[in-house]
Amino acid sequence: MKKVKFIVTLVLLLAMLSITACGTNNTKNVLDSEQSGKGNQSAWLETAALDKEFDEAALYEAAKKEGKVVLYSMSSRTADVKTAFEEKYPGITIDVYDMRITEIIEKVEREHDSGVYNADVVFIKDPDGAVYNEFIKKGILHNYVPSDIGTKMEEQYKEPAFAPYFEWRSVYYNSEVYKEPPISNWWDLTLPEWRGKIMISDPLTNNEDMGLFLTMINHADEMATAYKQKFGKDIELVDTENAGYEFIKRLAKNDLIFTNSSDEMIQAVGAAGQEKPPIGIGTSSKIRQKSKGYLIESVREMQPKLGTTFPAILLVVDNAPHVNAAKLLIHFMAGDTDGKSDGFKPFNVEGAWPTRSDVEGKGVPPQNSDFWPLDLDFNYENMPKLRDFWMTVSQ
């Protein structure tokens with residue numbers, strides 16, 4: 001009996017020692033992996049030299065050895081960039097992946113977590129502050145400002161991310177039916193006359209709309225003032241904490257029409273021969289669709305503000321395998337030294353405003369006073385709360 005007990009005890013003891021050893025080895029492996037990752041990043045950053053003075057000739061020679069550059073882009077217009085870039089820089093090809101902003105974020109995060117280094121550059125916006133807080137701060141994405149271009153830009157468009165232009169969320173209307181803008185105050189969208197006639201992307205899948213709403217929440221006092229200007233009385237909050245949330249609730253209750261894209265909205269709003277066309281909220285640069293025959297205009301003055309700016313940003317992906325070509329591409333997409341490159345032309349359109357002092361935009365220049373500032377930290381901290389609120393009021 002004693003012999004049996006001894007054997008059992010011995011087996012248990014060996015098992016415990018084995019588990020402990022495995023745990024120690026696993027912990028060591030994790031620590032080794034983490035230290036290795038930090039070391040790789042440190043070595044890569046040193047080689048990448050993202051703060052080095054821009055030297056086109058040297059970069060081109062280095063980029064030709066890399067052979068290509070991989071771009072994750074929010075815009076289909078980068079197809080034109082690909083053609084122009086490959087013509088200017090023979091020997092370097094661009095692999096372009098055209099995706100939604102949320103898809104880019106998910107793909108970059110998934111690849112980084114897996115140690116897969118595929119992308120070199122991302123072209124994206126950050127309306128909810130997630131890119132800044134979850135990627136730039138953590139070193140998953142890196143800011144690169146070409147030295148010859150950075151001197152021609154305001155600080156807000158160089159930090160925390162390099163932005164060659166910005167857009168905003170415009171309210172579009174049918175110019176055949178309405179000779180003048182049919183609304184001039186955000187609260188107009190809550191009126192019964194627009195019930196079932198407002199087109200918008202589902203905010204749960206489009207962070208730019210959420211970014212606009214978050215800015216209204218952040219500037220709720222101005223939204224309350226605009227309400228009084230419209231209705232001649234102070235706003236009464238019903239189960240909401242401020243005028244920003246109250247506006248969002250009333251808008252959501254006005255029987256919105258959800259679209260899959262701004263293009264889909266433009267087609268519906270701008271179709272000819274309508275008696276009571278809808279109005280829509282979408283990307284400001286879609287005003288260029290007038291050239292395709294759509295009868296559209298955008299509201300240029302709105303109380304209390306036209307909206308908020310959404311900079312289009314270019315960032316280098318951590319451990320980018322073609323970092324020299326990446327820097328060359330970012331410089332090209334930002335206009336090159338003189339601001340006239342074919343890489344910037346697809347984006348220098350009406351409804352998108354250049355951030356460089358030496359590049360003239362198309363159409364009516366927006367005034368800074370017409371926009372609320374984009375607060376990345378506020379938006380990031382308050383996005384989860386707004387999402388929960390939207391799901392409640394949009395039912």
If the cut-off is 20 Å between C-alpha atoms, which lysines fall inside it for Lys290, apart from same-chain ones fewer than 8 positions away? Lys179, Lys276, Lys345, Lys362
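Give me the percent of DSSP beta bridges within the chain that run antiparallel, rounded to the nearest 5. Walk me through the intermediate numbers first.
Working: 21 of 38 bridges.
Expressed as a percentage, antiparallel bridges in the chain total about 55.
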The chain: calculated mean residue ellipticity at 222 nm from DSSP helix runs of at least 4, using -39500 (n - 2.57): -13000 deg cm²/dmol
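Please report Rg over Rh for segment 59-151, where both radii come from the alpha carbon positions and Rh follows the Kirkwood definition.
Details: Rg = 14.2 Å, Rh = 14.5 Å.
A ratio of 0.97.
From largest to smallest, what semi-axes in whole angstrom does the chain give when each is the square root of 5 times an eigenvalue of its alpha carbon gyration tensor? Please report the intermediate quantities before stating the final value.
Values: eigenvalues 393, 210, 64 Å².
Value: 44, 32, 18 Å, ordered largest first.
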Helix 243-252 sits off the longest principal axis of the Cα atoms of the chain, rounded to the nearest 10 on a 0 to 90 degree scale, by 80
In a GNM of the chain with a 10 Å cut-off on Cα contacts, which of Ile279, Ile235, Ile217 has the highest mean-square fluctuation? Ile235
Could you pull out every residue, at least 5 positions away or on a different chain, whose amide H is within less than 5 Å of the one on Phe310? Hs are placed 1.01 Å off N in the peptide plane, and Pro or chain starts have none. Glu167, Trp168
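List, in the order given, every pair from Lys125/Lys305; Lys249/Lys305; Lys107/Lys152 whose Cα-Cα distance in the structure shown is over 26 Å. Mind dumping the intermediate values first?
Details: Lys125/Lys305 21 Å; Lys249/Lys305 19 Å; Lys107/Lys152 33 Å.
Where the Cα-Cα span goes over 26 Å, the pairs concerned are Lys107/Lys152.
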Would you mind checking the tilt of helix 101-113 against the longest principal axis of the Cα atoms of the chain, expressed as 0 to 90 degrees and rounded to 10? 10
Relative to the longest principal axis of the chain, what angle (0 to 90°, nearest 10) does the C-alpha long axis of helix 56-66 take? 60
Under a GNM of the chain (C-alpha, springs under 10 Å), which listed residue has the highest mean-square fluctuation: Asn254, Asn174, Asn348? Asn254
Checked against the positive end of the charge dipole of segment 72-143 (+1 on Cβ of Lys and Arg, -1 on Cβ of Asp and Glu, about the Cα centre), the farthest of Asn143, Ala79, Ile101 is Asn143
Can you list the residues, at least 5 places off or on another chain, whose amide H is less than 5 Å from the amide H of Asn348, using H built in the peptide plane? none
What FRET efficiency comes out for the pair Arg195/Lys138, r = Cβ-Cβ distance, R0 = 51 Å, nearest 0.05? 0.70
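Each value in this text was obtained by applying a stated rule to the coordinates, not by laboratory testing. Everything numeric here is computed off the predicted structure, so don't read it as measured data. Note: ideal-geometry Cβ built from the backbone for every residue, glycine included; neighbour counts use all protein chains shown.
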